[in-house]
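A quick write-up on the structure given underneath.
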Amino acid sequence: MVEQQIINGMKEISAIVGRSEETVLSLKRHYPSMPIRKISHVWTSERSVLLDWWRRYAMGEVPEPEAETKRRGEKGAGGTGEK
């Protein structure tokens, strides 16, 4: 079995993706699917998962979250249950 390398700290995460800490945090706000999260006040991720997400982001394969939100909102449109 291959052990996953855990990345701890925003400094290490930003170094891996080659962007500033501010840019990484901005991307996380814009793309909630970005595979980083805070555990006990420390940002963390799995290296291989983060690099795979970053590759898809760089290739334009990560969907814009606004498009997903709009689609979900359209599904909910309809009757109001009026009598």
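The values are calculated or read from the model by the stated rules, or taken from the named source; none is laboratory data. Being a predicted model, the structure only gives us computed values, none of them experimental. Every residue, glycine among them, receives a Cβ derived from its backbone with ideal geometry; neighbour counts consider all protein chains shown.
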> Under the condition of being assigned to a helix (DSSP H, G or I), surrounded by fewer than 11 Cβ atoms within 10 Å (Cβ to Cβ) and modelled with pLDDT of 55 or more, which residue from segment 54-69 is farthest from the chain's Cα centre (by Cα)?
Replying inline: 67
> Pairs under 7 Å by beta carbon, first residue surrounded by 16 or more Cβ atoms within 10 Å (Cβ to Cβ) in segment 35-53, partner part of a strand (DSSP E or B) and of a type in the set (Phe, Trp, Tyr), six or more apart or different chains?
Replying inline: 36/43
> Inside segment 24-49, can you point out the residues that are under 15 Å from residue 62 (Cβ atoms) and in a helix (DSSP H, G or I)?
Replying inline: 24, 26, 27, 28, 29, 30, 49
> Residue check: is residue 33 modelled with pLDDT of 95 or more and small (Gly, Ala, Ser)?
Replying inline: no
>> Just the residues that are loosely packed, with under 12 Cβ neighbours inside 10 Å and in a loop (DSSP other than H, G, I, E, B), please, taken from segment 6-19.
In response: 18
